[in-house]
Structure formats: structure tokens, C-alpha cells
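**Q** So that we are looking at the same thing, I have put the structure below in C-alpha cells.
Derivation of every value follows stated rules applied to the coordinates shown; laboratory data play no part. Just so you know, these numbers come straight off a predicted model, no measurement behind them. Please note: Cβ atoms are built from the backbone with ideal geometry, for glycine as well, and neighbour counts cover all protein chains shown.
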Amino acid sequence: MILAPSLLAADFLHLADDIEMINRSEADWLHLDVMDGVFVPNISLGFPAIAQVAQITRKPMDAHLMIVDPQKFIPQFRDFGVSVFSVQYEVCPHLHRVVSQIHEAGMKAGVALNPHTPIELLTDILGDLDVVLVMSVNPGFGGQRFIPQAIEKVRRVKQMISDRNLPTLIELDGGVNLETGRQLLDAGADVLVAGNYIFKSNNPLETIRQMKQM
């Protein structure tokens, strides 16, 4: 299981300290939530902040762009050293072209789906994806309640991937903790994103350790 703490839940007054904690931890990736206030009703990390994060993190960066026209910014995220670049299905009418551009930039390509978006819409693009990111909350804010229908959604995409013998990873983001995390892993998830559950805990390093033992 790959664990990706979400920087959205970190203490931005002490961001370097929180990133150093992640560096020391058993976490595998660092998840970056990028929002524009248009596709989602929130604004988060911009280029100056991401550039600073890139200088000190020792974990592969997993960027989830909840923005319109994400393809415009592929070169910048490549230059930041991002490993996984995920875009929202709902904002990409030419999805195959965008996925190809991500791969040409040397990054792994992911596609994220809102809770109401059927996983079956990825049927024709699934073979080109490195990651399917299933949102188990409505994107835009951390700390939301887990939407349980995501578990069945994971089972369905896992079956689609297995039927075609693909190496595509299934990533889950939203309301992930020890309880929901175990259910998601049992359903077939490979990557879990956790924000508040890690950063707001009394001992984030221990919380990460417990999650890695699921």
C-alpha cells in the first residue's frame, strides 16, 4: 500500500517542519492538492509554494489538479519534479490528448473522478492511465465525511483493471482513516491519501506508521 499524506492539511505557518516530518516518516508520496477557485470553491497551493516544497521534500510528489485547463501547467509541474500528475475527468474534453502530454513530459498520468462521475467513463482511456484517483469526498476542502459509495466504485474499477491485466493503480482521496482505509484496501485500492487524519493527530509519525501496517 502506498500512503500519500496530503499537504492541504499541514500547518502552513510551519510548512517546512511538517514536510520534514513526512520526510522522516514511513509515508511513500507527498500529495499536493492544487485548486483554482473555479472548478472547486477553494484556492490552495500556487507555484511559489510548490517550488519551495519541491526543494525540501524527499518523497515523490503526487499532484492532483482540481482546476480548469490543467494541461496549461504540465511544463511547470514537470520542472518542479512532480512524479504523478492527475487531472479531473470533468474538465478535460480532450482527455487522451492531455494524458499523452503528461506522459511526454515524463510524468505518470492520473485521472480523478468526482463522487458522482461513473467509473465506467474511463473504459476507453484506462489502458493509458498510470493512476485512477477516486474521490471519496466532493473536492475542494479537507476534513469532509467519507462517502461510502466510493468502496463499491473501487471494486468496479479494480475489476476493470484486472480483466485487462493492467498495472494501473487505484488511488483514494477523502475521509481516509484507519477504518475507511482498511475497507478501501480490501476493495482493491493501492494508494491512500490522508490529510487531517495524519496532520491533526497527536502523533503524526505514529499515525502514519499505523496506517502503513493496515
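**Q** To the nearest 0.05, how large is the calculated FRET efficiency for Glu104 and Asp69 if R₀ is 25 Å and r is the Cβ-Cβ distance?
**A** The value I calculate is 0.90.
**Q** Tell me, what is the FRET efficiency for Arg24 and Asn138 to the nearest 0.05, using R0 = 30 angstrom and their Cβ-Cβ distance as r?
**A** So, using R0 = 30 Å, E works out to roughly 0.40.
**Q** Now for a different question. Given only helices, namely DSSP H runs of n ≥ 4 each adding -39500 (n - 2.57), what is the per-residue ellipticity at 222 nm of the chain, to the nearest 500 deg cm²/dmol?
**A** It comes out at -10000 deg cm²/dmol, rounded to the nearest 500.
**Q** Using R₀ = 25 Å, calculate the FRET efficiency as 1/(1 + (r/R₀)^6) where r is the Cβ-Cβ separation of Gln210 and Gln52; round to 0.05.
**A** E between Gln210 and Gln52, to the nearest 0.05, is 0.30.
**Q** How many percent of DSSP beta bridges within the chain run antiparallel, rounded to 5?
**A** 5
**Q** What ranking do 59-67, 157-165 get when scored by the average of other Cβ atoms within 10 Å per residue, highest first?
**A** Ranking, from highest mean packing down: 59-67, 157-165.
**Q** May I ask you to list the aspartates and glutamates whose Cα is less than 19 Å away from that of Lys72, ignoring any residue fewer than eight positions away on the same chain?
**A** Asp33, Asp36, Asp62, Glu90, Glu104
**Q** With contacts defined as alpha carbon pairs under 8 Å and 6 or more residues apart, what's the relative contact order of region 2-212 in percent?
**A** Relative CO of region 2-212 lands at 21 percent.
**Q** Hey, which lysines would be in cross-link range of Lys212, C-alpha to C-alpha under 25 Å, not counting anything within fewer than 8 residues on its own chain?
**A** Lys59, Lys108, Lys153, Lys158, Lys200
**Q** Oh, and also: When only alpha-carbon atoms count, how far does region 2-212 stretch along each of its three principal axes, as whole angstroms with the largest first?
**A** On the principal axes, region 2-212 reaches 43, 37, 30 Å in Cα extent.
**Q** Follow-up. May I ask you to compute the full-extension gain from His94 to Asp17, defined as 0.36 nm times their residue separation minus their alpha-carbon distance, rounded to one decimal in nm? Show your work: numbers first, answer last.
**A** Numbers: separation 77, 0.36 × 77 = 27.72 nm, distance 3.95 nm.
Gain on stretching His94 to Asp17: 23.8 nm.
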